[in-house]
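Notes follow the structure.
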Amino acid sequence: MTVDGASAYHSLCALLAGADDLAALDCASPGETVAVIEHLLAICFASGTCPASDKEWRVWIMDRQDLAAAADWLARQPDDAWDLFHPTAPLLQNSRLAEDLRESGTGTAQLVIEHAGDYNQHFDHHHLERDNPLPAADAFRATLTQHVYGLYGRARMSGQRLGAKVTNLAAGRLTGRIRVIALGQTLGETLRLNLYPPQAPGDPLNTSWTTGPIERRTFKDKAVPRVPRSSADLHSALGRSVLLRPGRGPQGQFVVDRVLIGAGEVLELDQELHLQDAVFGQTLSGVRKPLWPSPTRALWQQAHALYSAVRDGRAGMYARLRSLPYERTGTGAPYHLWAVGLVANKALPVAWIHGAYPYAPGMAAHLFRASRRGSDIAEYIAQRLKHAAVLAAETAFPAVRAADEPGQVARLDARWAFWPSAEEPFHELLDEVVDRGPEEDDPVSEPLITYARELRETAHTQLLQRLDVLPPSDRNYRARARALRSFEDGMSENRAPAELRGEIARD
């Protein structure tokens, strides 16, 4: 997708008009891709290009309803409403920051979540003051991402002119949770899958802080969360005050050379109405919240939660997906559930995590079983690897000080190699289940046994590699033998998952 310096809507029009000829968007990060999809959905809702009911939604999916109406609506919009560098109403921005931009603006690293750190410190070797102009198209997408995923923290501005609260950055609408996008075979199908019977169809979307019927917050007092007026408003909410300064590149093209970011809108969201894609879980303290990105638990281990939402017919997107008829169209899944989240350490972004999990109508129960058992099998093998490492360390280093023991165990712990290597077999397991289809009485058991055998062999090899760090000696030979025997015994004991014993689990 490209955006010229004067107007963004020409390329967005082309994107919507040709959506069924494009396989997918190719953006700089998973979060940026989600942010662009959110904006395209907002345009569809604002233009009234959306199904009026769940029944009509199914017709849209089966008949591959084109999105030309959204492109036509967008083509009729005035240029000024979509001008990234408009003097008083720049697209997606707050022109009231103009004086502050002159005083407190930074280089463009502040605009890109992966580079900005906590908006005050440099991160990823991109210093906030570095002169590194961004092409207008890149700045447009980065701004969308800030509105959706911006982290809380402190803004790089004094707040003396607009009010102190402009420096208090609130978390974006999708920050801290997993966003699930239903993916189709084309961008057009992806948009149709994620459209829904809207709240207030045709209500204007947010194009800037100084236009439209919505009364924007000020920064004199604490923000009062507002309820989204419509689906278009929800998906285009301006979660940041952003202002971009235009410049010219070496070939005369429009670029952004300075930026400033302040506090944005805060929304009051209804879990059923505004979080239709969310899968809810409970924290250790019993708090119910949408599935969240974890720095310690791989996202694919949570795939069963997505299939559970479809299987159980939860209202919203998952109920609509469950209502689609099964059609075998060759190998591979017709749809995928794409989960995306941003892992952060307080106000500091750490990494995007994402994964796409196949879905075929009528197979939610099979895929839930495969993903649940697959996660349990991997978890059990990891536990046995940890136990083997502890036994080896106890035998090889009997006199180790308590403070040094964790380090000695870590040297022999194969889990750090095992977890990354387990993800691909897990995806192959789900693909195999989908390929077998619901025509089989049990499309899950045999692929699970194959998956368990592969993970067991991989873990055994990785354990041997870790134990090889022990130098030759009688004590280390005993440590090696004890660890391997423990691991092998664990694979066949009664509490091991049945698939690891070559048996079919009787759930």
### Message
Quick check on segment 101-112. Is at least one of its residues more than 24 Å from the chain's Cα centre (by Cα), acidic (Asp, Glu) and farther than 16 Å from HIS39 by Cβ?
### Response
yes
### Task
Consider ALA414 carefully, then state whether it is modelled with pLDDT of 95 or more, crowded, with 18+ Cβ neighbours inside 10 Å, small (Gly, Ala, Ser) and more than 30 Å from HIS336 (Cα to Cα).
yes
### Residue check for LEU385: at pLDDT 95 or above and either in a strand (DSSP E or B) or of a type in the set (Gly, Ala, Ser) (or both)
no
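Quick check: anything in segment 89-100 assigned to a loop (DSSP other than H, G, I, E, B), of a type in the set (Lys, Arg), surrounded by fewer than 21 Cβ atoms within 10 Å (Cβ to Cβ) and in the same structural domain as SER208 (by TED's automatic domain parsing)?
no
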### Task
List every residue pair whose Cβ atoms lie under 7 Å apart, where the two residues are 6 or more positions apart in sequence or sit on different chains, the first residue falls within segment 1-29 and is assigned by TED's automatic domain parsing to the domain that holds ALA139 and over 12 Å from THR186 (Cα atoms), and the second residue, located anywhere, is modelled with pLDDT of 95 or more and of a type in the set (Ser, Thr, Tyr).
CYS27/THR33
### Query
Under the condition of being hydroxyl-bearing (Ser, Thr, Tyr) and either in contact (Cβ under 8 Å) with a residue 40 or more places away in the chain or not in a loop (DSSP other than H, G, I, E, B) (or both), which residue from segment 450-507 is farthest from PRO398 (Cα to Cα)?
THR450
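When segment 311-323 is examined, which residues are found to be over 14 Å from PHE280 (Cβ atoms) and crowded, with 19+ Cβ neighbours inside 10 Å? Quick ask: steps written out before the conclusion?
The initial filter retains those residues of segment 311-323 that are over 14 Å from PHE280 (Cβ atoms), namely 311, 313, 319-323.
ARG320, LEU321, listed by residue number.
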### Message
Just to be sure I understand, how many residues within segment 119-132 are touching a strand residue (DSSP E or B) at 6+ places or on another chain (Cβ under 8 Å) and either over 20 Å from GLY262 (Cα atoms) or modelled with pLDDT of 95 or more (or both)?
### Response
2
### Query
When you go through ALA303, ALA356 one by one, which is the residue that is touching a Gly at 6+ places or on another chain (Cβ under 9 Å), surrounded by 15 or more Cβ atoms within 10 Å (Cβ to Cβ) and among the small types (Gly, Ala, Ser)?
ALA303
### Query
How many of the residues in segment 272-303 are within 21 Å of the chain's Cα centre (by Cα) and free of Cβ contacts under 8 Å to residues at least 12 places away in the same chain?
6
### Task
For residues that are within 35 Å of the chain's Cα centre (by Cα) and over 15 Å from VAL444 (Cβ atoms), scanning just segment 488-507, find the one that is surrounded by the fewest Cβ atoms within 10 Å (Cβ to Cβ).
ARG495
### Query
Hey, among the residues in segment 150-167 that are charged (D, E, K, R) and assigned to a loop (DSSP other than H, G, I, E, B), which one's surrounded by the most Cβ atoms within 10 Å (Cβ to Cβ)?
ARG156
### Message
Can you tell me which of (1) in a loop (DSSP other than H, G, I, E, B); (2) among the basic types (Lys, Arg); (3) closer than 26 Å to GLU493 by Cβ is the one ARG372 doesn't meet?
### Response
(1)
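The values are calculated or read from the model by the stated rules, or taken from the named source; none is laboratory data. The shown structure was predicted, so the numbers you read here are calculated from the model rather than taken from an experiment. For neighbour counting, all protein chains shown are included, and Cβ atoms are generated from backbone atoms with ideal geometry for every residue, glycine included.
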